[in-house]
Structure formats: C-alpha cells, structure tokens
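Beneath this line is the structure, given in structure tokens, with notes to follow.
The values are calculated or read from the model by the stated rules, or taken from the named source; none is laboratory data. Just so it is clear, the structure is predicted and the values come from calculations on it, not from any experiment. All Cβ positions, even for glycine, are placed from backbone atoms using ideal geometry, and neighbour counts span all protein chains on display. Note: accessible area is taken over every heavy atom of the protein model, side chains too, but ligands, DNA and RNA are not part of it. Shrake-Rupley method; radii C 1.70, N 1.55, O 1.52, S 1.80 Å.
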Amino acid sequence: MLSLLSLIAGREFRKYIAASILTAVGSGMYFVAISWYIYKTSGSAMAVGWVLIVSSLPGLLFSPWIGVLVDRWNVRSICIVADFARALILMFVAVSMYYEVLGLTLIYLATFLIALCENFFQPAVGALIRDIVPKDRLLEANVSSSMSMQIGLLIGASIGGFLVAVFGTQCVVVINVISFSISGFLTLWIKHTPAFKHIVDRLDKPGAIREFYDAIHYAVGTRFVIGLAIQQMFIYVTLSVCNTLLPIFVDRELSAGAQGFGLIDAVWGVGAICGGFSLTYIVKKINAEWFGIVGLGAISFLLFIFLTANSVPQAAIAYFLLGGFVVMIRVNSDTLIAIGVEPSHFGKVKAAISMFISYVSLVAYAGVGYLGDVMSVRWIYLALSLIILCSALGMLWKNISKDGRVLLMGKVDSTN
C-alpha cells in the first residue's frame, strides 16, 4: 500500500491518475445510461449486442495500421487527441438527444468512432505509463492505473442509474464530454520522454502491413506472448458477455430495475479495486505467469455462482469477485507484456492482441445477442464458464513439462 502511494506521489504519474479517474467516472455513467436506454427502447438483447459488435470493428479493420502508428508517433499526443475526439463524438450524441433524433444508427456510428479512438488510446497509454515509470515499478503503476479507472467506473456506475432516472440520459452524456475534455488537458500537462526513439526517415521505414506482421512473427517467437494473449482473450470475452447480458439478466431473471442494474455493475468496480490492492501481494506468493492460469479457473467458478443467483445481493457478491479476478489477470498480463516485449514492437504487439480479441469477441457478441433473445441467459453464462474451465486446464497441461516442472515465459520454472 505504501509502495503504491509513493508511486502516485510522483508528479507526472499523478496527472495521469487524475485524468484516468475523470474519464472513468464519465464512462461508467455512460455505460449504464446507454445500455439501459438501448434495451428499454428496443426490448432486444440483440440491440445491446450490436453495440458491442460495432465496438469490435475498429480492432478488426485497422489494428495493423494502429499498431504501427502508435510505435511511430508520440504516444502522449495520441492519448490527447483520443480524449478530445471522444469528447466531440459524445457532444454529437448529446445534441442528437436534445433534438430527439438519436436512433440506433447514430448510436452505432458514435460507438464505432469512440471504439476507434479507444483502439489508439489503449496501446498508447500503456506505452506512456512505461515511459514515465521505472521498469521495476511497472506492476505497481499498472495496478494504480487499473484502480484509478475502477474507482472512476464505480463512482460513475453508482450514480449513473440515479442520474438517468432523475435528469435523463442526455445529462450523463454531457458529463462524459466534460470528463474526456479535462482528461485531455491533464494529459497535455504531462512531461514525457519516449523510451524508444522513433524513426525519422520515412524512406527507411517498411510498409505498415509488413511492419505489423514482422511484430506478430516476433511475438510468436517469444512464446509467452501467446499464452498472455489467450488469457486476455478470455477475460475480455467474459467482460463483454457480462456487459451484454447484465441488463437482460437483471430485468428477466432478477426482476430488478435500473438501480439494481447500476448496483450490480458498481460492485464489479469495488471488486476490481480490491483485486488491484491484492495483486502486488499475490504475485509475491504465486509466480506472476502462473497466476493467470489459476485466475482463469477462479473466473470459471465465479461465473457458475453468478448464473445461479436469484437475488440482487447474491448476484452482486459474485460480480464483486468476478471484477477482482478479471482486473487482476488483465493488469498482470499487461505488465508482463510491457516488461517482456521490446519497446519498438510494443504498440504493434498490443494492436495484434487487440485484433485477435476483436475477432473472437465479434463471434461472441453475435452469438450472445442472438441467444439472449431465444433462451435463458443462465445457459449462456454456464457455457462460458465451462469453456474457460476447459481452457484453463488445457493451459495448465501445456505448461507442465515431461518431468513435471512448470514452463513459464518459455523457460522451466525452477521454483517448482
């Protein structure tokens, strides 16, 4: 705890944390507002699913170019432009609501553009943290970053349902516009020295597609990136399925309203914060690479507990624990990637993982959206739980050598 506080005391990192919290507060409120708005106006799980399908398209279509550009451009500038662009897009949504012309088509368009900005922002902010924090403190930095985001999402989700009920969805969207704008100004204030010197002579640069696939070849050759990519795929699919089905689960299975939805969504953030605090201590007891496999098994078990819930409190407890494990695995794998991948390939490797996740998520969104309209969502949660369990067992088997020792990061772990 004291170590995390000493890290946050650093001026540049403190500016980033403030920007992260503000952005997350607005995004937490926006998620509750727009998800509930779409579901209640359309009455369809598929309509909510289509929002997530559209949000996956930028990763599918543009990841090769995004990864290359992140490695070529100044990452702080990318974060600033992404924040202000998202503010403008949400201002368009707010104006459309004011004039009562906001339909699903406009929501999908705004979602696509926001997701495009997010696909630039995520690898860029990962590189920004890597550049402003010493390498030996990256895990603590990523934990602090995750905790700040989850605190913001918790605050946003907690009051999002209330604000929608009292002031309407437009108010929530305007607040998110303000949060992204302030975040952009705070990031502009950060002093940043890139760890990797960008190539200046454009004639010496290979084509974007060739450069991207060279990075993929590099990632495959390092072996450990593949395992981390699989872990991230499952935690993001879990997060996406839960986001798609939560309003339907709350309404149909628990017979709760927007406030119940906001409450359950909020406790995810509480669990994520607690998980962030716990991660730095857990990896001292369990090898960081080993923890991801154990965490996947825990997620499988918690999904089963969640799908059996018959009340808001029971669902909230399971969601609390799910939030903790999902965030711990994500932060842990992000840190291992930042440490293990060369800075010149970091943006491209992150974009490649994002593209891989987007392809899998696209299938998951379409399937979940369709099935959510024709069957009980409890069966969907059960199927996801079993798939993750089988995957965790498969990764465990793959990482045990013939002599019984555990293979981690492409090497034999001598501590076992």
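Here's the yes/no breakdown for (1) closer than 26 Å to SER56 by Cβ; (2) assigned to a helix (DSSP H, G or I); (3) modelled with pLDDT of 80 or more:
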| site | (1), (2), (3) |
| --- | --- |
| GLN231 | yes, yes, yes |
| ILE248 | yes, yes, yes |
| SER255 | no, no, yes |
| PHE261 | yes, yes, no |
| GLY269 | yes, yes, no |
| SER278 | no, yes, yes |
| LYS284 | no, yes, no |
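Looking at (1) aliphatic (A, V, I, L, M); (2) in contact with a Lys or Arg (Cβ under 8 Å, 6 or more places away or on another chain); (3) crowded, with 21+ Cβ neighbours inside 10 Å; (4) at pLDDT 75 or above, which is the only condition ALA215 fails?
Condition (4) is where ALA215 drops out.
For segment 42-60, which positions are open to solvent by 20 Å² or more (accessible area, probe 1.4 Å) and either modelled with pLDDT under 75 or out of contact with any helix residue (DSSP H, G or I) (no Cβ under 9 Å at 6 or more places or on another chain) (or both)?
GLY43, SER44, MET46, LEU52
Find the residue count for segment 344-375, including only residues that are open to solvent by 40 Å² or more (accessible area, probe 1.4 Å) and either hydroxyl-bearing (Ser, Thr, Tyr) or in contact with a Lys or Arg (Cβ under 7 Å, 6 or more places away or on another chain) (or both).
Within segment 344-375, residues that are open to solvent by 40 Å² or more (accessible area, probe 1.4 Å) and either hydroxyl-bearing (Ser, Thr, Tyr) or in contact with a Lys or Arg (Cβ under 7 Å, 6 or more places away or on another chain) (or both) number 2.
Would you check which residues across segment 351-395 are polar (S, T, N, Q) and within 22 Å of ASN310 (Cβ to Cβ) and list them?
Correct list: SER376, SER385.
Say whether the condition of being under 24 Å from MET395 (Cα atoms), touching a strand residue (DSSP E or B) at 6+ places or on another chain (Cβ under 7 Å), open to solvent by 50 Å² or more (accessible area, probe 1.4 Å) and in a helix (DSSP H, G or I) is met by at least one residue in segment 296-313.
Scanning segment 296-313 turns up no residue that is under 24 Å from MET395 (Cα atoms), touching a strand residue (DSSP E or B) at 6+ places or on another chain (Cβ under 7 Å), open to solvent by 50 Å² or more (accessible area, probe 1.4 Å) and in a helix (DSSP H, G or I).
Restricting attention to segment 70-112, report how many residues are part of a loop (DSSP other than H, G, I, E, B), closer than 21 Å to SER42 by Cα and among the aromatic types (Phe, Trp, Tyr).
1
With free of Cβ contacts under 8 Å to residues at least 60 places away in the same chain and surrounded by fewer than 24 Cβ atoms within 10 Å (Cβ to Cβ) as the only criterion, which of ALA338, ALA316 stands out?
Testing whether each residue is free of Cβ contacts under 8 Å to residues at least 60 places away in the same chain and surrounded by fewer than 24 Cβ atoms within 10 Å (Cβ to Cβ) leaves just ALA316.
Got a sec? Which of GLU118, GLU140 is within 30 Å of TYR39 (Cα to Cα), open to solvent by 30 Å² or more (accessible area, probe 1.4 Å) and charged (D, E, K, R)?
On the way: GLU140 fails: within 30 Å of TYR39 (Cα to Cα).
Just one listed residue meets the conditions, GLU118.
If you go through segment 82-89 one residue at a time, do you hit one that is of a type in the set (Asp, Glu) and either under 19 Å from the mean Cα position of the chain (by Cα) or open to solvent by 30 Å² or more (accessible area, probe 1.4 Å) (or both)?
Yes.
Could you figure out which of (1) more than 22 Å from PHE301 (Cβ to Cβ); (2) in contact (Cβ under 8 Å) with a residue 12 or more places away in the chain isn't true of SER255?
(2)
May I ask you to list the residues in segment 281-293 that are in contact (Cβ under 8 Å) with a residue 12 or more places away in the chain and open to solvent by 20 Å² or more (accessible area, probe 1.4 Å)? Spell out the reasoning first.
From segment 281-293, those in contact (Cβ under 8 Å) with a residue 12 or more places away in the chain are 282-283, 287-293; that's our starting set.
Residues satisfying the conditions are ILE282, VAL283, ASN287, ALA288, GLU289, TRP290.
Let me spell it out: the conditions are (1) within 21 Å of VAL363 (Cβ to Cβ); (2) touching a residue at least 12 places away in the same chain (Cβ under 8 Å), and ILE226 meets all of them except one. Which number is the exception?
Just one mismatch for ILE226, condition (2).
Taking into account only those residues within segment 376-406 that are touching a strand residue (DSSP E or B) at 6+ places or on another chain (Cβ under 7 Å) and either open to solvent by 30 Å² or more (accessible area, probe 1.4 Å) or under 13 Å from GLY227 (Cα atoms) (or both), which is modelled with the lowest pLDDT?
To start, the set of residues in segment 376-406 that are touching a strand residue (DSSP E or B) at 6+ places or on another chain (Cβ under 7 Å) comprises 399-401, 405-406.
Now narrow it down to the ones that are either open to solvent by 30 Å² or more (accessible area, probe 1.4 Å) or under 13 Å from GLY227 (Cα atoms) (or both): 399-400, 405.
On the way: ASN399: 67, ILE400: 64, ARG405: 44.
Here the answer is ARG405.
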